Every structure is written in C-alpha cells, then in structure tokens.
Amino acid sequence: MRPAPVSPYATSKMVGEFACEEIASLKGLETVVVRIFNAYGPRQDPTSPYASVISKFCASVAASEGIEIYGDGGQTRDFVYVGDLTAALELAGERPVVGQIINVGSGSATSVNEVARLVSEIAGAPIRTKHSEPRPGDVRDSRADITRAAAKLGFAPRTSLREGLGPTLAWYRTQTA
C-alpha cells in the first residue's frame, strides 16, 4: 500500500523515514524510527515554528497576554509530556526494535479549546482568546496509536496533560519574572 500523507508536514516526515531506511540499508546501521507526536514541557521555545501550542499558550499566559487559537479550536492533537517522551526514547535505544517504526504520544486526543481551558484553570485566571483563520495544511485531528510502543517497548505514558501543564506553566512564569 502506497503511503498517502495528509499534509506537507507529514510528507516531510515520510521522506525522513525513507532516508533513514536507505541509510540503514546502505551503511548497515541499526535504526529505529520514533514518530514523536506533540511533545511539550518546560524549556520549549514558543517562537519555534515547530513549538507545541502548549508552549505558546503558557508563554502568553506567563506574560499576561491573550492566546491565539487558529480555527475553531476543535482540532485535536496528541500531547506527550517531555518526561514520558524521554522514557520512550531510552526504551527505543535499549530494546530490540531495529528497523521498526514506533509512535510515541499519549494515545489520547485533546482539543485546542480544552488545552486553553486547562491552562486557564491551572493559571487560576480567565484567559483572553482570539480566534484566527485556520492555518493552511493543518490536519483536523491527530492521535498516536501507541499499541506498538506498549508492546515492543513496554511504554506507557505516566503524565496526564493536566499534570504536565503545571510544571510547564510554572517554568514559563519563571522566564517572565
């Protein structure tokens, strides 16, 4: 079955996976492809074009600014806390998974509106929101199937979104103090 990426971003990731397979074949390197879904946590640069919406929201809230939501906010993403991601990457380096493709995420889909609501709740104050036009090329919904990560790595995310947002927002607040 021919892959059919749904966005330019997905196409770029697929090309990277093909390159990894080719280099492994040509050079005899042991590789594993880890597909990282929306990672977040302290120290993520909110100005990066690849930054999670969470880092952007937390940085804005820490600076007492409003947040911008593209589209209606109903789009979903699979957010994985950096500590859980680190554990998964360590497992991928230790377990016999050479040549495999493994999704790493929380296994749950959360809407952007729900993220905004949780950040507001953790911040202890209402947040001004502004809705903008949807970004071209964005997918509507994204959720990792982490079945293989569980079976092959023994990976299970331990940090709920709410639990990860607390230290994330706290860190961004230290950056504006």
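Nothing in this text is a laboratory measurement; each read-out follows from the coordinates by a stated rule. None of the values given here were measured: they were computed from a predicted structure. Reconstructed Cβ throughout: ideal geometry from the backbone, glycine too, with neighbour counts over all protein chains shown.
Some values worked out for this structure:
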quantity	calculated
Rule-of-thumb Rg ratio for region 99-177 [Cα; 2.2 N^0.38 Å; N residues]	1.39
Charge context of Gly107, other residues only, Cβ under 11 angstrom, K/R +1, D/E -1	-2
Charged-residue dipole, Cβ positions (Lys, Arg, Asp, Glu), region 1-90 about Cα centre, Debye nearest 20	120
Cross-link reach list, aspartates and glutamates versus Lys152, counting only Cα pairs under 15 Å and skipping chain neighbours closer than eight places	Glu90, Glu94
Among Ala156, Ala24, Ala59, residue whose mean-square fluctuation peaks in a GNM of the chain (springs only between Cα atoms under 10 Å)	Ala24
Sparsely packed trypsin sites (Lys or Arg not before Pro) within region 112-169, loop by DSSP, other Cβ within 10 Å at most 13	Arg128, Arg140, Arg158
Segment His131-Ala63, length gained on full extension (0.36 nm per residue, minus Cα span)	22.6 nm
Those trypsin sites (Lys or Arg not before Pro) in region 1-58 that DSSP places in a loop and that have at most 15 other beta carbons within 10 Å	Arg43
Difference of contour (0.36 nm per residue) and Cα-Cα distance, Ile36 to Thr11	7.5 nm
Dipole-positive endmost among Val139, Ser48, Thr76 within the chain (Cβ charges, Cα centre)	Thr76
The chain pair-distance distribution - Cα-Cα, 10 Å bins, rounded %	9, 34, 34, 18, 5, 0
Anisotropy class of region 2-52 from Cα gyration tensor, a/c 1.5 cut	oblate
Mean residue ellipticity (222 nm) of the chain, computed from DSSP H runs ≥ 4 via -39,500 (n - 2.57), nearest 500	-13000 deg cm²/dmol
Gain on full stretching of the segment that runs from Ser25 to Asp138 - 0.36 nm per residue minus C-alpha separation	37.4 nm
GluC sites (Glu not before Pro) restricted to region 1-110 and DSSP loop, no more than 15 other C-beta within 10 Å	Glu30, Glu65
